[in-house]
1. Can you tell me which of 5-11, 67-73 comes out highest on packing, and rank the rest after it, using the mean Cβ neighbours within 10 Å?
2. If amide hydrogens are placed 1.01 Å from N in the peptide plane, which non-local residues have theirs closer than 5 Å to the one on residue 27?
3. Provide the per-residue ³J(HN,Hα) series for region 21-30, in order, calculated from phi with Karplus coefficients 6.51, -1.76, 1.60 and θ = phi - 60°, each as a whole number of Hz, with x at glycine and proline positions.
4. Please determine, in degrees from 0 to 90 and to the nearest 10, the orientation of helix 134-152 with respect to the longest principal axis defined by the Cα atoms of the chain, where the helix direction is its Cα long axis.
5. If you average the C-alpha positions of region 1-48 and of region 82-153 separately, how far apart do those two centres end up, in angstrom?
6. Along the Cα→Cβ direction, 7 angstrom out, place labels at residue 102 and residue 86. What is the inter-label distance in nm?
7. Would you calculate a helix-derived [θ] at 222 nm for the chain, using -39,500 (n - 2.57) for each DSSP H run of n ≥ 4 and dividing by the full residue count, to the nearest 500?
8. With an 8 Å cut-off on Cα pairs and a minimum separation of 6 or more residues, tell me the relative contact order of the chain in percent.
Amino acid sequence: MGELQFTEANLILPMRAPALVRQAGLGERWAAIKLPSFQSQADEKIYVIGDAQGTPLPKSGHVAFSTGVQVGRDIVRRVSGEATPIASGAVSLPAGLCWASTSHDKAIMISVGSSVVPGEAPKMSFQVDPETNTASSQGATEWGRTMWNNMLG
């Protein structure tokens with residue numbers, strides 16, 4: 001690749017799940033899971049969400065939160081003795097939302113939608129603001145308020 005000239009850089013180390021995932025035999029770089037349930041391929045009683053799960057979904061707080069809600073509902077169903085619904089066709093997966101602030105009152109929004117047919121690779125769709133704008137900045141602020149309210153009441 002050669003040398004790259006730069007005046008500023010944001011270096012990001014290679015990402016991977018915590019060592020606990022490897023020690024528990026749940027995967028190597030990421031925990032191997034089944035979609036759309038987020039259950040471990042090694043043990044269906046184990047669910048893996050957030051940055052440790054090995055899917056093409058964004059490693060984001062929004063995806064982790066939404067996946068946690070989905071998994072929580074599945075656990076309640078299982079504890080209650082209800083059968084887990086069997087998907088027939090594509091199932092929507094938690095969306096990824098992210099805002100990149102470009103000034104104190106402007107931002108760019110990135111949205112990643114995904115769905116999966118069990119046994120197939122997830123299908124992804126991306127939406128990115130074409131330019132920085134105040135609506136995305138306001139959206140980021142409202143998203144933050146909503147997330148904190150959902151988590152802390």
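Taken together, the values in this text are just the output of simple stated rules run on the coordinates, not laboratory data. Please read all numbers here as calculations on a predicted model, not as lab measurements. Positions of Cβ are generated from backbone atoms using ideal geometry, with glycine treated the same way; all protein chains shown enter the neighbour counts.
1. 67-73, 5-11
2. Those lying under 5 Å, H to H, from residue 27 are 32.
3. Going residue by residue, I get 4, 6, 4, 7, x, 8, x, 9, 6, 10 Hz, with x marking Gly and Pro.
4. Once rounded, one gets 40 degrees.
5. With region 1-48 and region 82-153 each reduced to a Cα centre, they are spaced 20 Å.
6. Between residue 102 and residue 86, the simple spin-label model gives 4.9 nm.
7. On the way: 3 runs with 43 residues, N = 153.
So the helix-based figure for the chain works out to -9000 deg cm²/dmol.
8. Numbers: 210 pairs, mean separation 21.6, N = 153.
Result for the chain is 14 percent.
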